[in-house]
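Heads up, the thing below is written out as structure tokens.
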Amino acid sequence: MISLLIANLLGLLKLRIYAYLFQGASSDLGIFLASDRIPNFVFNVLAIGALSTSFIPVFSQNIAQGRKDRAFALASTLFNLSFVIFAFAAILFFVFSRHILGLFSWGGDLTGGETELLNLSSRILFLAQLFFLFSAFSSGILQSFGYFTAVAASPVVFNLAVIIFTILLAPRFGILGASWATVIGALCHFLVQVPTLVSAGFLYKPVINLKDKLLAEIGRLFIPRTFSLVVDQLAALLLTSFSLSLSASSVVIFSFAQRLELIPVALFGSALAQASFAPLSKSAEGSGPEFVSIFKKTFYYLSFLILPSSVFLMVLRIPLVRIFFGSRGFDWPATLLTAHTLSLFAIGIFFQAQSGLLARSFFALKNTRVPLISSLVSLILGSVLAYVSLHFWHWNVWGLALAASFIDLVDFTILYLLLAKRFPEIISANFIKPVFLMAAAALTSGLVSFVLVRQLDFRFSFFDTRHFINLISLTMVSLLFGGSTYLLISYKLGINEGKKVIRWISRLKNFGPAFLSGIFQE
């Protein structure tokens, strides 16, 4: 969790440096951010889909059964096969990149120079995804052996490398310096895992054994999940394409706001949903009540963390954008537009985070069809809203953030109602009531933060937010008081998660092994 937080903070620092070096919400920076979408799409579909639901479980099972040689042979076969497919996709892109990017940037009034920059940067970033492919397989193998330190360090090293080499290369190569810095960062992402991979005893073999029965088992798991992943990645691709149709600088606004919105989703949503997958899968084979109990606990903890996060992002949107992105070139209109876009992204945070849990619940039940249909329906409806908001209502880039939140809302609604059809307990009044109480506590604490920010900013010169240190101080004070209010209200309303946090805080004076063991026994 700590390494994930550090990596996310470094990711924000990286964007701030981009804004500083490349004149804020400039067209060059927008082109660079957009150029990563198609290479990233190919990588996510190929590597993430194969690893998350197919390779790691099968590889881990063989390692646990003492069949290390067979596991290594399988890993080599799947890696080599993925490399061949990726190389084929990269060659196709290199040959037809102008036509593919022409479709990607449809409706956009790009100049000849911008089109050429988009094409060149996309080609460079395909090389970065190749190193990420290596790293993804390495991470899967290391996790199967229980080596997590190198895996956790990889994104931290990646962001540090990108920051350092962007600063070094940008003066000479301009925005393409950031593209090459990303390639170097991706290489570092992989290399930091190599020593641990060697010590784990992994033996790579340059073979592709298509007759391996385990490969067929992986394919059976991989294909249904990949369809869902394709739909999810298409949503990101389409929204970036829509923002590029407005202007290249709109991509900067959209990407920066989305990056801030994704931090609580990554820290809380993805982490809790991933942690719950194994217990949910195990309980799905047994009794229904045990499955519901695990789902309920995860759903509540996620709600308890995500709801105040979304409210605070709305309330503190301008200070947060100024802290993380405010630099030379990122002017006041860009700050306001990014803040407004962030507030509309924040509406969908709860639904986005819970959709991850709901999708994994269906995967645990060995049902990949429902998440696929849900993703497809939400994508179609969200794309229609995005198109209408731009071309009929003439909204700005914030309309795309609203469309993204709408996609999350539709996806959550479909998944929740269909899961409730099998487990009616999760739609009962008793189940829903605590979530509404958490929402009430979050909104009240958000109001406290809003009033506090306004009063301190206008009444006390110490919090004159024209100065960066004062801005940070004001934001931290507001978060401290707002967070404390949230905890106290949760405690008074009888929310179990709030009571547990208060009890943990009250025991901090006894911090030590007994304190930590007490937390995990709750």
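No value in this document is a laboratory result; all are computed from the given coordinates. Keep in mind that this is a model prediction, so the values were computed, not measured. Heads up, the Cβs are rebuilt from the backbone with ideal geometry, glycines too, and the neighbour counts pull from every protein chain shown.
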**Message:** Can you compute the modelled spin-label distance between K211 and L4, with each label point 7 Å from Cα toward Cβ, in nm?
**Reply:** 4.3 nm
**Item:** Over 27 Å (Cα to Cα) - which of K14/K296; K213/K297; K296/K421; K68/K282; K366/K500 fall in this group
**Value:** K14/K296; K213/K297; K366/K500
**Complete:** If Y486, Y204, Y20 are placed from fewest to most neighbouring beta carbons inside 10 Å, the sequence is Y204, Y20, Y486
**Prompt:** Roughly speaking, what is the stretch gain from V501 to A278, that is 0.36 nm per residue apart minus the C-alpha to C-alpha distance, in nm to one decimal?
**Reply:** 77.8 nm
**Fill in**
Neighbours of G494 by Cβ distance under 15 Å: Lys/Arg at +1, Asp/Glu at -1, summed charge +4
**Prompt:** Can you sort H391, H340 so the residue with the fewest Cβ neighbours within 10 Å comes first?
**Reply:** H391, H340
**Request:** Report the calculated FRET efficiency for L13 and A266 (r = Cβ-Cβ distance, R0 = 22 Å), to the nearest 0.05.
**Result:** 0.90
**Request:** Largest first and in whole Å, give the semi-axes of the stretch 396-480's equivalent ellipsoid, each being the square root of 5 times a Cα gyration tensor eigenvalue.
**Result:** 39, 19, 9
**Complete:** Expressed as a whole-number percentage, the relative contact order of the stretch 125-203 with C-alpha contacts under 8 angstrom and at least six residues apart is 47 percent
**Item:** Label point 7 Å beyond Cα of F468 along Cβ direction - residues of the stretch 24-42 with amide nitrogen under 20 Å
**Value:** 24-26
**Asked** With point charges of +1 on the Cβ of Lys and Arg and -1 on the Cβ of Asp and Glu, referenced to the Cα centre of the chain, which listed residue (A235, G326, H189) lies farthest in the positive direction of the dipole?
**Response** H189
**Prompt:** Which of T338, N80, F43 sits closest to the plus end of the dipole of the chain, meaning its Cα is farthest towards the positive end, when Lys and Arg get +1 and Asp and Glu get -1 on the C-beta?
**Reply:** N80
**Request:** Just the number, please: Stokes-Einstein D of the chain in µm²/s, Kirkwood Rh from C-alpha pairs, 25 °C, 0.890 mPa s.
**Result:** 100 µm²/s
**Prompt:** For R98 and W332, what is the calculated FRET efficiency with R₀ set at 25 Å and r taken between the beta-carbons, to the nearest 0.05?
**Reply:** 0.10
**Prompt:** Relative contact order of the chain: what whole-number percent is it, with Cα pairs under 8 angstrom and at least 6 residues apart?
**Reply:** 18 percent
**Asked** Taking only DSSP H segments of four or more residues, each worth -39500 (n - 2.57), what value at 222 nm results for the chain once the sum is divided by all its residues, to the nearest 500 deg cm²/dmol?
**Response** -27500 deg cm²/dmol
**Asked** Which value, in nm² and rounded to one decimal, describes the direction-averaged projected area of the C-alpha convex hull of the stretch 291-441?
**Response** 10.3 nm²
**Prompt:** Counting Lys and Arg as +1 and Asp and Glu as -1, each charge on the Cβ, what is the dipole of the chain about the Cα centre in debye, to the nearest 20?
**Reply:** 1100 debye
